[in-house]
Amino acid sequence: MSDVSPYLTFDRAAWSGLRGETPMTLSPDDVAELSGINEALSMKEVEEAYLPLSRLLNLHVAAFDQLHRVSSRFLGGETPKVPYVVAIGGSVSAGKSTTARVLRTLLSRWPDHPRVDLVTTDGFLFPNATLEERGIMHRKGFPESYDRPRLIEFVSQLKSGVSPLTVPLYSHFAYDIIGEEQVLDRPDIVILEGLNVLQSGTIHSVFVSDFVDFSIYVDASAGDLETWFLDRFQKLRETAFRDPASFFHSFAAMPDDEATAMAKEIWQRINLANLRENILPTRERATLILGKGASHVVERVLLRRL
């Protein structure tokens, strides 16, 4: 980034130093449980990358709460408090889900905002039957595969103080919407994670990002993302895909070379295309960018200037 960048850039050491006195509230067992399928989260990663981010978000939430009190005073009475919304975007296999889980746990252990809900936009994908009917099953994850009006209605109601709210649940095991719902009942913070949380466009006037208070983009090179995708695919072949009920069960019995070729084709045709066309262009819309290296750890952080 040049000197005229809207971002402040921190290397790993400089960012880690911004942790201040933020206490470590996760145990080694917590960290192990929060790790991704092919992302072995460490205590050091939490301490150096995520605790400073937790501190920053806590300060933002405190300022948000203060602004609410000021607004209520101005209006002459208490106004309904709405959740603080944190959006986490990035490519398939970047580690968005791990980042979301870690932040949810860390933020819920701050005393001032213990109710933190995590919502994934996967729940707003159209069911497979609808995708098949429209001939876009091969475009799953692209903007047209989401029920955008329903997603916009959800975030609009969320920031209007409507409660309780329900969110459809998606299963990566079944690779489909499963007919169950997540219930949100007056959370302090909502973490919204997904491919499309920062996307905009020219054919709509309202976007998810219009309802977001702080946004994070998990960034990595296309080469590293592909490597992580293939590693995860192989680990799933050895575990979840072996279950006959898994949508991808047929991949478990494939010869290794055939399965690898199939995974590479999926990456190139779907995930890389979606990254280039729809996801990467949203990176500079984020409040903060977590830049990862080949070892899946955060190496630099970019924070948008105020």
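Here are the numbers for the structure shown:
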| quantity | calculated |
| --- | --- |
| Close pairs from the range 64-80: first closer than 20 Å to I189 by Cβ and free of Cβ contacts under 8 Å to residues at least 24 places away in the same chain, partner exposed (fewer than 12 other Cβ atoms within 10 Å of the Cβ) and not β-branched (V, I, T), Cβ under 6 Å, at least 6 apart | S72/E78 |
| Pairs where the first residue, in the range 105-117, is within 17 Å of E33 (Cβ to Cβ) and the second is among the polar types (S, T, N, Q) and assigned to a loop (DSSP other than H, G, I, E, B), C-beta under 9 Å, 6+ apart | T105/T25; L106/T22; L106/T25; R109/T25 |
| Any hit, the range 164-186, residues being touching a residue at least 60 places away in the same chain (Cβ under 8 Å) and among the polar types (S, T, N, Q) | yes |
| Qualifying positions in the range 10-23 - surrounded by 14 or more Cβ atoms within 10 Å (Cβ to Cβ) and either in contact with a helix residue (DSSP H, G or I) (Cβ under 6 Å, 6 or more places away or on another chain) or part of a loop (DSSP other than H, G, I, E, B) (or both) | W15, S16, L18, R19, T22 |
| Inter-residue pairs, beta-carbon under 8 Å, first of a type in the set (F, W, Y) and in the range 233-246, second assigned to a loop (DSSP other than H, G, I, E, B), 6+ apart | F241/F248 |
| Hits in the range 24-39 (condition: of a type in the set (A, V, I, L, M, F, W, C), in a loop (DSSP other than H, G, I, E, B) and free of Cβ contacts under 8 Å to residues at least 60 places away in the same chain) | M24 |
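Residue-by-condition table, conditions (1) surrounded by fewer than 18 Cβ atoms within 10 Å (Cβ to Cβ); (2) assigned to a helix (DSSP H, G or I):
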site: S54; (1), (2): no, yes
site: L57; (1), (2): no, yes
site: G89; (1), (2): no, no
site: A129; (1), (2): yes, yes
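Any read-out appearing in this document is the output of simple, stated calculations on the displayed coordinates, not a laboratory observation. Everything numeric here is computed off the predicted structure, so don't read it as measured data. Please note: Cβ atoms are built from the backbone with ideal geometry, for glycine as well, and neighbour counts cover all protein chains shown.
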